[in-house]
Amino acid sequence: MIRKSVAEILDHHVTFELEAIDRMYLNGYVPSLQSGGGVVYFMKQHLGARVPSTMMVAPLSKRFVDAIERFAETAGVDLITFKKDQRKDDVAQEYLASFTKAQEKAGVFRTDKRRNADGSTYPWIIRSTTPVNHYYVYILDRDFGPLFIKFCSYFPYAVKVCLNGHEWLKRQLTQRGIAYEPLDNGIRSTADAARVQRIANSLEAAKIEAVVRKWLRRLPHPFTAAHRAAGYRYQLSILQAEFALTQVLDRPRTGRGFFEEVMRENLDLGRPDQMQLIFNRRVTRQTPGPFRTRILTEGVVPSLHVDYKKTRVKQYHKEGQALRTETTINNTYDFEIGRALRNLPALREIGFTANRRLLGVEYLSHDCLIGDDHLDALTQPAVVETQRAAALRLGDRRVLALMQTLCLFALSPAGFRHRDLRGPIAQLLGRDPEHYAAGHMTYDLRRLRLHGLIERVPHSHRYRLTERGARMAVLYVRVYARGFRPAASLPHVGTHRGSPTFERLDAALTTFLQEVRLVA
């Protein structure tokens with residue numbers, strides 16, 4: 001049986017496709033209580049404190065905790081105290097709506113003693129971190145399905161909200177009478193795919209804000225009505241957002257074939273801190289080696305992880321039925337976007353684009369069809385509007401380092417700058433950065449741009465890879481890894497036909513030529 005390429009699987013074996021917001025983790029905070037000065041003002045103006053101290057909020061905290069426990073008793077739901085290391089989601093599966101309690105660390109304010117020059121002391125409010133009780137309120141909402149709101153029982157009573165866009169979508173389809181087959185945390189099939197996608201696209205910040213406000217009104221609130229009227233109300237920000245692309249495949253074997261191809265192609269692509277199949281720790285220049293990429297064994301769901309700062313793109317075979325590609329944004333400032341919930345449209349665009357770009361790179365890796373004329377033009381000097389660019393010759397070590405580095409930044413949503421490329425290229429060339437000067441980098445960027453492999457991002461000093469650049473970079477790296485490197489590894493002795501060294505080389509080149517025929 002001829003092995004199917006990634007390009008063929010994506011083009012001909014996807015039966016249903018859906019882009020949707022997956023899990024969202026939100027933070028609820030009172031803006032005016034995020035600094036010591038704001039806390040002092042609250043205590044003086046609203047609690048009547050002559051000398052501000054965190055002891056003044058103890059009655060407020062007790063009132064809130066008592067209200068939660070009375071509410072649980074009145075509503076007839078269980079109040080559970082979690083044990084250490086107990087998974088809250090496991091317990092929550094047994095309850096559709098319950099109150100649960102756990103002790104976790106939280107950012108709080110506390111009163112510290114400061115000394116004057118004469119030795120006398122005075123109180124001073126500072127930020128701190130301490131383990132305090134948190135109350136998890138698990139809810140089954142009519143429109144959003146399962147979600148939870150977590151209240152910190154200590155001033156200033158931070159709130160966390162976790163909800164799932166796929167669960168929201170399922171309930172919208174049910175309410176509209178649209179038939180669908182569910183997938184764990186997703187949709188497996190439907191007779192009206194276009195309408196399902198339109199409904200998924202309609203999940204917006206206003207709807208999320210509305211459901212959180214609805215439950216904050218119904219549940220015990222840490223601040224009194226007078227405090228809320230004075231402006232002490234929660235604002236919502238995004239702590240974590242997952243954007244998922246689900247592509248249901250025609251059979252499980254197709255999915256296994258996809259990951260076999262993807263993993264084999266990415267075993268030696270890039271630095272350890274840029275792309276890894278199994279991610280055990282954060283890899284930096286100070287992290288001791290050696291580094292390795294591990295092949296997943298039978299019985300384990302295959303997965304691929306790509307990191308960009310604190311954002312992760314993950315790809316895995318979901319329930320043996322679908323290819324799931326999801327981007328998890330853990331810090332919106334990675335993309336120079338604020339955390340406010342109103343920025344959800346911009347984050348949605350970044351997340352879904354990252355998913356598509358990862359698939360695009362994998363697609364090109366197996367379907368990088370390039371005409372002889374394009375390859376010939378690249379290996380010859382170019383003249384563009386009187387500007388001359390040197391050739392990018394296939395066997396040139398410096399050119400290969402350029403192409404390998406372009407592959408590293410192929411998925412970077414923000415593009416790359418001069419200084420981003422200089423370090424990796426120097427490392428690939430085996431030089432110190434000072435021996436690969438800024439002038440060398442400028443020269444190389446210029447010829448990459450004139451050959452059409454990169455383009456400048458308008459109104460910035462950043463560049464991004466073009467589609468042609470992605471194809472060429474993958475081709476150069478792949479030819480080196482599959483052809484040049486095995487050939488260059490051939491020693492001068494013991495290479496006669498029939499020897500073990502010769503047989504290993506022959507097998508490597510045969511495999512490479514077979515792959516070339518499959519994508520040509």
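The values are calculated or read from the model by the stated rules, or taken from the named source; none is laboratory data. Being a predicted model, the structure only gives us computed values, none of them experimental. Every residue, glycine as well, gets a Cβ built from its backbone with ideal geometry; the counts of neighbours run over all protein chains shown. In case anyone asks, the SASA skips ligands and DNA or RNA and just uses the protein heavy atoms, side chains included. Shrake-Rupley method; radii C 1.70, N 1.55, O 1.52, S 1.80 Å.
Taking each residue of segment 164-190 that is among the acidic types (Asp, Glu) and looking for partners that are not in a strand (DSSP E or B) with beta-carbon atoms closer than 9 Å, six or more apart or interchain, yields 167/144; 167/185; 184/319. Report whether or not residue 237 is among the hydroxyl-bearing types (Ser, Thr, Tyr) and within 19 Å of residue 68 (Cα to Cα). Against the criterion (among the hydroxyl-bearing types (Ser, Thr, Tyr) and within 19 Å of residue 68 (Cα to Cα)), residue 237 does not qualify.
Would you pick out the residues in segment 183-214 that are within 17 Å of residue 248 (Cα to Cα), open to solvent by 20 Å² or more (accessible area, probe 1.4 Å) and either at pLDDT below 90 or small (Gly, Ala, Ser) (or both)? 184, 185, 189, 191, 193, 194 - these are the residues of segment 183-214 that are within 17 Å of residue 248 (Cα to Cα), open to solvent by 20 Å² or more (accessible area, probe 1.4 Å) and either at pLDDT below 90 or small (Gly, Ala, Ser) (or both). Filtered by the rule that a residue be open to solvent by 20 Å² or more (accessible area, probe 1.4 Å) and either over 20 Å from residue 352 (Cα atoms) or at pLDDT below 90 (or both), segment 227-256 gives 228, 229, 230, 231, 233, 235, 250, 251, 252, 253, 256. Among the residues of segment 437-475, those that are hydroxyl-bearing (Ser, Thr, Tyr) and in a loop (DSSP other than H, G, I, E, B) comprise 460, 466.
Only one residue in 430, 415, 439, 452 is of a type outside the set (Lys, Arg) and open to solvent by less than 20 Å² (accessible area, probe 1.4 Å). Which one? Of the residues listed, the single one that is of a type outside the set (Lys, Arg) and open to solvent by less than 20 Å² (accessible area, probe 1.4 Å) is 415. Of the residues in segment 443-461, how many are more than 26 Å from the chain's Cα centre (by Cα) and of a type outside the set (A, V, I, L, M, F, W, C)? Number of matching residues: 8.
Could we say that residue 324 is in a strand (DSSP E or B), modelled with pLDDT under 90 and of a type outside the set (A, V, I, L, M, F, W, C) here? Spell out the reasoning first.
On the way: in a strand (DSSP E or B): yes; modelled with pLDDT under 90: no; of a type outside the set (A, V, I, L, M, F, W, C): yes.
The answer is no for residue 324.
Any chance you could count how many residues in segment 327-357 are among the acidic types (Asp, Glu) and touching a Leu at 6+ places or on another chain (Cβ under 7 Å)? Summing the residues that are among the acidic types (Asp, Glu) and touching a Leu at 6+ places or on another chain (Cβ under 7 Å) in segment 327-357 gives 0. Among the criteria (1) open to solvent by 20 Å² or more (accessible area, probe 1.4 Å); (2) at pLDDT 75 or above, the one residue 294 does not fulfil is (2).
All conditions but one from (1) part of a strand (DSSP E or B); (2) buried (at least 17 other Cβ atoms within 10 Å of the Cβ); (3) not hydroxyl-bearing (Ser, Thr, Tyr) apply to residue 17; the one that does not is (2).
For segment 20-57, a residue qualifies if it is charged (D, E, K, R) and open to solvent by 40 Å² or more (accessible area, probe 1.4 Å), and the qualifying residues are 23, 44, 50. The set of residues from segment 64-78 being part of a helix (DSSP H, G or I) and surrounded by 13 or more Cβ atoms within 10 Å (Cβ to Cβ) comprises 64, 65, 67, 68, 69, 71, 72. Within segment 41-73, being at pLDDT below 80, among the β-branched types (Val, Ile, Thr) and more than 17 Å from residue 228 (Cβ to Cβ) holds for 51, 54. On inspection, residue 358 passes the criterion of being buried (at least 17 other Cβ atoms within 10 Å of the Cβ), at pLDDT below 85 and not basic (Lys, Arg).
Residues of segment 330-355 being in contact with a Lys or Arg (Cβ under 8 Å, 6 or more places away or on another chain) and open to solvent by less than 10 Å² (accessible area, probe 1.4 Å), which ones?
The one that is in contact with a Lys or Arg (Cβ under 8 Å, 6 or more places away or on another chain) and open to solvent by less than 10 Å² (accessible area, probe 1.4 Å): 332.
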